[in-house]
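FYI, it's all coordinate maths here, none of it is from the lab. Values in this document were obtained by computation on a predicted structure and should not be read as measured data. Neighbour counts are summed over all protein chains in view; Cβ atoms, including those assigned to glycine, are modelled from backbone coordinates with ideal geometry.
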Amino acid sequence: MRLLEVDNLSKRFGGVAALRNVTAHSVEGETLGMIGPNGSGKTTFVNIVSGHVKGDVGSLIFGGVDIAGMSPHQLAAVGLCRTYQAVRVFSALSTQKNIDNARLLLAHRGLDHAELKELIEWLRLDRHLDKDAGSLTLFEQRRLELLMRLVLKPRLIMLDEPVGGLAVTEVIEMIKLLQELKGRCSIFVIEHTMRVIRELANRVIVLIAGEKVADGPPSEILQNQQVIDEYLGTTHA
Ligand SMILES: Nc1ncnc2c1ncn2[C@@H]1O[C@H](COP(=O)(O)OP(=O)(O)OP(=O)(O)O)[C@@H](O)[C@H]1O
Ligand SMILES: [Mg+2]
């Protein structure tokens, strides 16, 4: 079943065409990847779908519902949330308080105590609950941010560079966590680290200069000559 359906999405920032007529969909249960050079519109795509930025034209359907114009809060209520390229946690608050705050967003249908405990242990945050989030490592902060979305029980989580800035061993651990995350919800993932795309994505979309130039299984897309010439063969990936 189609989960997210984006049709003819365009966005300009002054003279910059960040997205040009992008049509894309995701299927319930799949992990959909998005790759492309810096500035090709990937974060803008997530910003618009997740209600942080308004598209100029285009339609957005999620779970059969028209979500154009919905706020991030309303989107969380229908099961769509995202993480940020530059991790966002409340640095001056404890890990526990960050989690409590995240749960407040949808207090009426939060997790029960056992479910929350299971999530905290899965993301190995149990030893860090009393620490200020700002004192955690980047990897721990990325796990905390992930948990802050999972308490909302999303149907689709959009991850903007989940391994950005992580050390190689941490990348391997994060891939394992995201592999396990597949059993919890559908995933949309932007990455420059092709290992993540190769090991996790069922399908991958390529954006170049705001346009979708390819859409297919990673094994095919990562061999695509245009994708190699304009992205993979450059220093970006
Ligand atoms: N709020 C904004 N105001 C003005 N220009 C913007 C804004 N957000 C994005 N842009 C521009 O839109 C284009 C696409 O940016 P975007 O952040 O979506 O790229 P990206 O594919 O996520 O890049 P990266 O891989 O570096 O994260 C860029 O030219 C960027 O400068
Ligand atoms: Mg980006």
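Comparing His73, His25, His113, which has the greatest mean-square fluctuation in the GNM of the chain with Cα pairs linked when under 10 Å apart? Fluctuation is largest for His113.
How high is the relative contact order of the stretch 103-237, in percent, with contacts defined as C-alpha pairs under 8 Å that are six or more residues apart? Please list the in-between numbers first.
On the way: 116 pairs, mean separation 22.6, N = 135.
Answer for the stretch 103-237 is 17 percent.
For the chain, the longest principal axis of the alpha carbon atoms and the long axis of helix 168-181 meet at an angle near 90°. Annotation: aspartates and glutamates with alpha-carbon distance below 18 angstrom to Lys182 (same-chain offsets under eight excluded): Glu28, Glu30, Glu115, Glu118, Glu121, Glu145, Asp160, Glu161, Glu173, Glu191, Glu199. Measuring between their Cα centroids, the stretch 1-37 and the stretch 130-193 lie 21 Å from each other. Any chance you could give the angle, 0 to 90 degrees and rounded to 10, that helix 138-150 forms with the longest Cα principal axis of the chain? With rounding to tens, the tilt is 90 degrees. A Cβ-based charge dipole, computed about the Cα centre of the stretch 1-88 with Lys and Arg at +1 and Asp and Glu at -1, lands at about 380 debye.
Relative contact order of the stretch 93-146, taken over Cα pairs closer than 8 Å and 6 or more residues apart, is 54 percent. Taking Asp130, Asp215, Asp112 as the candidate residues, the one with maximal mean-square fluctuation in a Gaussian network model of the chain, Cα springs under 10 Å, is Asp112.
For the stretch 143-237, a crude dipole built from +1 on the beta carbon of Lys and Arg and -1 on the beta carbon of Asp and Glu, taken about the Cα centre, is about 540 debye to the nearest 20. With the simple spin-label model, which puts each label point 7 Å out from Cα in the Cβ direction, the Gln74 to Lys182 separation comes to 3.4 nm.
Based on C-alpha pairs under 8 angstrom that are at least 6 apart in sequence, the chain has a relative contact order of 27 percent.
With a cut-off of 17 Å on the backbone N, the residues of the stretch 120-135 near the modelled label site 7 Å out from Ser94 along Cα-Cβ are 120-121, 125-135. Compared with the dominant principal axis of the Cα atoms in the chain, helix 113-122 is inclined by about 60°.
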